[in-house]
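Student: Have a look at this one before I ask anything.
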Amino acid sequence: MAIVRRPGWFAVLLGMAIAITLAFLVLPVVAIFAQVPPGRLVASFGDPATTDALKLSLETTTIAVLIIVLVGTPAAYLLATRSFPGRSVVVTLVELPLVLPPAVAGIALLAAFGPGGLLGGVLGGTHNILVLQTAGVVVALILVASPFYLGHAQSAFGAVDRSWMEASRTLGAGEARTFARIAVPAARPGLLAGLALAWGRALGEFGATLIFAGSFRGITETTPLAIYNLLGTDLNGSYALSAVLVIVSATLLLSVRLATGDRVPRRVAR
């Protein structure tokens, strides 16, 4: 006769915790779609203002993420596999944008690259191609999104079995080849997770972009800025554009989940 075990108090507590968490996190997102009739949501994809903002967001975030991955991957590998004086300081500086208010990040960019900024004299007319320009949007996105990728990439490289890399070096592979053929493939799930978070953060960036690049349709008005601009004139339009951004962000995260495989450990402590 099979023995039916009733859930213990801790299992009930876990269930309540996940239920409360989901309710708090999902309810606001569901509320957006409750405010947008399906017809309005479909029509928003044909709105030139919506398509301009969404196109600019996708273009600038793609460029920003590519730069973050190309530069951040070897940088994260260095931080994960090397011990050197001042490493803790470097890691802290890399993570600092995570805790900076968006307005401060925007002001910092102006102080560095704006007219009369710290690097204004060195780089000449840099502010002419960054401030209030599309390139400035990319710079702002890199600043706020890169720590998300770098943090995950460091953890991913740190979790790679060192014996694999040592064996590769023993067999005659150089460090660059070991990095490309062993470390990167082994760290791939963590790198993709960091990429998704960085991309999602870039898609939602608002404050630093507004202060440093401004909000000009077709030039610097990304989707979050377009949503903000619609609030004062077309609340329903802001709901519709918000729903579009939620769909794009969710599609991105789901794609990464499917690419990496979201598996539950087979053996758990009982």
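Nothing in this text is a laboratory measurement; each read-out follows from the coordinates by a stated rule. Because the structure is a prediction, the values reported are computed rather than measured. Reconstructed Cβ throughout: ideal geometry from the backbone, glycine too, with neighbour counts over all protein chains shown.
Student: Round to the nearest 0.05 the FRET efficiency obtained for LEU235 and LEU96 when R0 = 41 Å and r is the Cβ-Cβ distance. Walk me through the intermediate numbers first.
Tutor: Numbers: r = 36 Å, r/R0 = 0.88.
FRET efficiency, LEU235 to LEU96: 0.70.
Student: Loop sites only, by DSSP: take the chymotrypsin sites (Phe, Trp or Tyr not before Pro) in the chain that have at most 16 other C-beta atoms within 10 Å and name the longest stretch containing none of them.
Tutor: 46-215
Student: May I pose another question? Tell me, in nm to one decimal, what length is gained between LYS55 and VAL42 on full extension, where the rule is 0.36 nm per residue of separation less the Cα-Cα distance? Write out the running numbers ahead of the final one.
Tutor: Values: separation 13, 0.36 × 13 = 4.68 nm, distance 1.64 nm.
Separation in residues times 0.36 nm, less the Cα-Cα distance, equals 3.0 nm.
Student: A follow-up question, please. If you rank MET16, MET165 by fewest surrounding Cβ atoms within 10 Å, what's the result?
Tutor: On the way: MET16 10, MET165 20.
The most exposed by this proxy come first: MET16, MET165.
Student: Give the distance, in whole Å, between the Cα centre of segment 194-212 and the Cα centre of segment 156-190.
Tutor: Segment 194-212 and segment 156-190 have Cα centres separated by 30 Å.
Student: Amide H to amide H, which residues 5 or more places from ILE219 or on other chains are under 5 Å from it, using H placed in the peptide plane?
Tutor: Answer set, sorted by chain and number: none.
Student: Have a look at GLY39, GLY200, GLY158 and tell me which one the Gaussian network model of the chain (Cα, springs below 10 Å) gives the largest fluctuation.
Tutor: GLY39
Student: Between ARG87 and GLN35, what is the spin-label point distance in nm, taking each point 7 Å from the Cα along the Cα→C-beta axis?
Tutor: Here the modelled spin labels are 4.8 nm apart.
Student: Quick check: pseudo-label points 7 Å beyond the Cα along Cα→Cβ at ARG169 and TRP9, how many nm apart are they?
Tutor: Computed distance between label sites ARG169 and TRP9 equals 5.3 nm.
Student: Kyte-Doolittle mean at least -1.0 and Cα extent at least 27 Å along the axis: which DSSP H helices of the chain qualify?
Tutor: On the way: long enough: 9-34 (35 Å, 2.57); 48-81 (48 Å, 1.24); 134-158 (35 Å, 1.37); 235-260 (38 Å, 1.57).
Those that pass (Cα extent of 27 Å or more, hydropathy at least -1.0) are 9-34, 48-81, 134-158, 235-260.
Student: Further question on the same structure: Can you compute the charge dipole magnitude of the chain about its Cα centre, using +1 on each Lys and Arg Cβ and -1 on each Asp and Glu Cβ, nothing else charged? Give it in debye, rounded to the nearest 20.
Tutor: Details: 18 positive and 11 negative charges, 265 e Å.
Magnitude of the dipole: close to 1280 debye.
Student: For ALA213, what charge total do you get from the other residues with a beta carbon under 11 Å from its beta carbon, if Lys and Arg give +1 and Asp and Glu give -1?
Tutor: Within the 11 Å Cβ shell, the charges total -2.
Student: Could you give log10 I(q)/I(0) at q = 0.15 Å⁻¹ for the chain, computed by the Debye formula over C-alpha point scatterers of equal weight, without solvent?
Tutor: Each listed q maps to, in turn, -1.19.
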